[in-house]
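Asker: I have a structure here, written as structure tokens, and I will follow up with some questions on it.
The numbers here are math on the coordinates, done by the rules we state, and not lab data. Worth saying up front: this structure is predicted, and the values here are computed from it rather than measured. With ideal geometry, Cβ positions are generated from the backbone for all residues, glycine too; neighbour counts draw on all protein chains shown.
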Amino acid sequence: MADRQIVKEWLNRAEEDFDFAAANLKEENEFYAQICFHFHQSAEKYLKAFIVAYDLEFEKLHNLMNLAKICARKESSILKIIDECGFLNAAYIDSRYPVQWPTDYTREKALKAKEAAYAIAEVIKELLKKGGYAD
């Protein structure tokens, strides 16, 4: 069984990223690419909390779909959030580096990113709660 404190630290960091992005979105700051990036980071940390909790193969990667597939080795129901993972994946590269393709970070996209990150968080928290890792 994994150290509950380490799992809790991953969950706390995930919440911080989510809350930071949500606060900026609420304040109507127009840093939509950065807001989407932090929603991606939140989702990534939730998935990694699950990986740590169940001693799954921990890889230093940022592809949410790949992380979800690793989590699915323990709990196949995680695949129900694969579309949300796919949506958020673009925010990792597009929002941080100059890219050679068009980007369209808008308030609507940031709101959708918030919904996707929230859905991922809820699934992971519920599964971790069932496993005795979250309150």
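Asker: Which residue pairs have Cβ atoms under 8 Å apart, sit 6 or more places apart or on different chains, and have a first residue in segment 112-135 that is more than 21 Å from F20 (Cα to Cα) and a second that is of a type in the set (S, T, N, Q) and not in a loop (DSSP other than H, G, I, E, B)?
Answerer: Hits for this filter: L127/S77.
Asker: Can you pull out the residues in segment 9-54 that are of a type in the set (V, I, T) and in contact (Cβ under 8 Å) with a residue 40 or more places away in the chain?
Answerer: Once the filter is applied, which keeps residues that are of a type in the set (V, I, T) and in contact (Cβ under 8 Å) with a residue 40 or more places away in the chain, segment 9-54 yields I35, V52.
Asker: Restricted to segment 17-58, and to residues that are of a type in the set (D, E, K, R) and over 27 Å from R73 (Cα atoms), which residue is surrounded by the fewest Cβ atoms within 10 Å (Cβ to Cβ)?
Answerer: Checking each candidate, the answer is E28.
Asker: Would you point out the residue of segment 59-97, among those that are exposed (fewer than 15 other Cβ atoms within 10 Å of the Cβ) and farther than 27 Å from K109 by Cα, that is nearest to the chain's Cα centre (by Cα)?
Answerer: E59
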